[in-house]
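Peer 1: Submitted below is the structure of interest, expressed as structure tokens.
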Amino acid sequence: GTAFEYFRNNDLDANSWFADSTGQRKPPERQNDFGGVLGGPVYVPHVYNGRNRTFFFFSYEGLRLRLPQYAQTNVPTLAFRQQAPSFMQPYLNAFPLPNGRDLGNGLAELNSTYSDPSAINATSIRIDHTVNNRLTLFGRFNDAPSVSYQKRPDETLSIDQYRRFNMRTATIGATASITPRLINEARFNYSYNGSFFDSPLDTFGGAAPQTTATLLPSAYDNVTNQLSFKLNFTGLTQPAAPYLFISGHQISDQHQINAVEHLSYVTGAHQLKVGFDYRRLTPIDNTNPPYQLIATFSTEQQVIAGVAPSGTVTAYVPQYPVFLNFSAFADDTWKVSRNLT
């Protein structure tokens with residue numbers, strides 16, 4: 001067996017130049033990558049007369065990460081927020097408060113540091129067993145969930161995007177020497193990949209979180225739908241315009257069943273092999289919201305008037321496709337002579 005640990009933190013690393021230049025504190029930094037492996041025989045002497053026929057192998061890796069970031073973005077000024085009509089103010093207040101220079105177009109700079117946390121836990125185990133000199137079996141299982149939180153400077157720092165991924169696989173297999181010339185290999189696998197995505201608003205930098213409830217039609221809930229406001233003004237410090245993205249959660253799942261069969265036969269100068277591969281995939285795509293509203297404002301006056309010159313309203317439906325894949329093969333390795341195969 002082995003064990004390992006890799007370690008970093010903000011006591012060992014300097015602040016970024018950009019954060020220092022604007023007087024921002026050093027954000028927390030953590031990196032712990034740790035784990036190990038353990039393998040060996042499962043010894044049962046009274047059953048196998050002292051022979052090791054079963055072996056195991058176990059591995060684990062964990063990652064805990066807080067990645068320091070610095071960002072300069074543009075947000076609505078305090079005066080702009082106060083001038084806006086009452087039904088627009090909640091959405092302007094969902095942006096963080098400015099702490100930098102006024103750009104003169106209703107927007108000001110926001111300089112800030114923060115950390116994006118994430119975590120991974122990857123565990124796997126494998127068992128190999130020799131039944132007799134003609135049959136061997138194995139089984140393995142892997143589970144590797146991960147989570148991450150990420151802020152988006154290209155939108156607004158008050159959006160805290162949350163992602164969760166789950167990956168699980170289980171495989172069993174057998175190799176049988178039916179005769180000295182005939183060998184059969186069979187495997188069966190089940191795999192699952194699931195993702196969950198959410199992007200709630202938080203109170204970062206003095207922001208006041210909002211929901212989509214006030215602008216959603218009554219037929220839609222506040223859980224899976226999206227509302228976006230984009231302030232595409234001229235004179236921005238950053239290439240990306242301030243973008244308020246209020247979204248519910250999104251789900252995407254993938255299930256796969258896989259069966260593989262190989263039969264090998266040796267006769268004379270020929271090595272014959274035939275087999276098939278069958279896969280059944282049933283993904284669930286619910287990553288697009290049932291209802292999505294995007295409004296884009298190009299001037300401060302348009303926001304004060306409460307009228308967006310452009311926008312889109314889109315409706316999506318979940319997708320539940322089924323994919324069936326079947327492959328078969330046959331080949332012959334023919335050793336014609338000592339020098340030609």
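Peer 1: Might you tell me the accessible area per residue for the chain, computed with a 1.4 Å probe and given in Å²?
Peer 2: Working: 18990 Å² over 341 residues.
Value for the chain: 56 Å² per residue.
Peer 1: Here's another thing I want to ask about it. How large is the helix-only mean residue ellipticity at 222 nm for the chain, computed as the sum of -39500 (n - 2.57) over DSSP H runs with n ≥ 4, divided by its residue count, in deg cm²/dmol to the nearest 500?
Peer 2: Helices in the chain give a 222 nm mean residue ellipticity of -1500 deg cm²/dmol.
Peer 1: Run the accessible area of region 101-182 with a 1.4 Å probe and give the carbon-and-sulfur part as a rounded percent.
Peer 2: Percent of accessible area from carbon and sulfur atoms in region 101-182: 57.
Peer 1: Further, regarding this structure: Run the numbers for Thr299 and Phe141: contour at 0.36 nm per residue of separation, minus the present Cα-Cα distance, in nm. Please report the intermediate quantities before stating the final value.
Peer 2: On the way: separation 158, 0.36 × 158 = 56.88 nm, distance 5.62 nm.
Computed gain between Thr299 and Phe141 is 51.3 nm.
Peer 1: Now for a different question. Taking the alpha-carbon distance from Lys230 and a cut-off under 14 Å, which aspartates and glutamates remain once sequence neighbours fewer than 8 residues away in the same chain are dropped?
Peer 2: Partners within reach: Asp154, Glu155, Glu300.
Peer 1: While we're looking at this one, here's another question. Take every Cα pair under 8 Å in region 1-141 that's 6+ residues apart, average their separations, divide by the length, and report that relative contact order as a whole percent.
Peer 2: Working: 288 pairs, mean separation 34.5, N = 141.
After rounding, I find 24 percent.
Peer 1: Can you tell me, using C-alpha contacts under 8 Å and at least 6 residues apart, the relative contact order of region 143-271 as a whole percent?
Peer 2: About 29 percent, as a whole number.
Peer 1: Another one. Quick check: from the Cα gyration tensor, does region 62-123 come out rounded (a/c under 1.5), prolate or oblate?
Peer 2: Here region 62-123 falls in the oblate category.
Peer 1: If you don't mind, there's one more thing I want to ask. So for the chain, averaging the separation of alpha carbon pairs under 8 Å that are six or more residues apart and normalising by length, what relative contact order in percent results? Can you show the working numbers first?
Peer 2: Values: 888 pairs, mean separation 44.2, N = 341.
Computed over the chain, the figure is 13 percent.
Peer 1: Looking at region 229-341, what % of its DSSP beta bridges pair antiparallel, to the nearest 5?
Peer 2: Details: 36 of 39 bridges.
So the antiparallel bridges in region 229-341 amount to around 90 percent.
Peer 1: Given (i) 126; (ii) 238; (iii) 313, which label gives volume of the Cα convex hull per residue in Å³ as computed from the coordinates?
Peer 2: Correct label is (ii).
The values are calculated or read from the model by the stated rules, or taken from the named source; none is laboratory data. Values in this document were obtained by computation on a predicted structure and should not be read as measured data. Accessible surface is based on the protein model in full, side chains and every heavy atom, while ligands, DNA and RNA are left aside. Shrake-Rupley method; radii C 1.70, N 1.55, O 1.52, S 1.80 Å.
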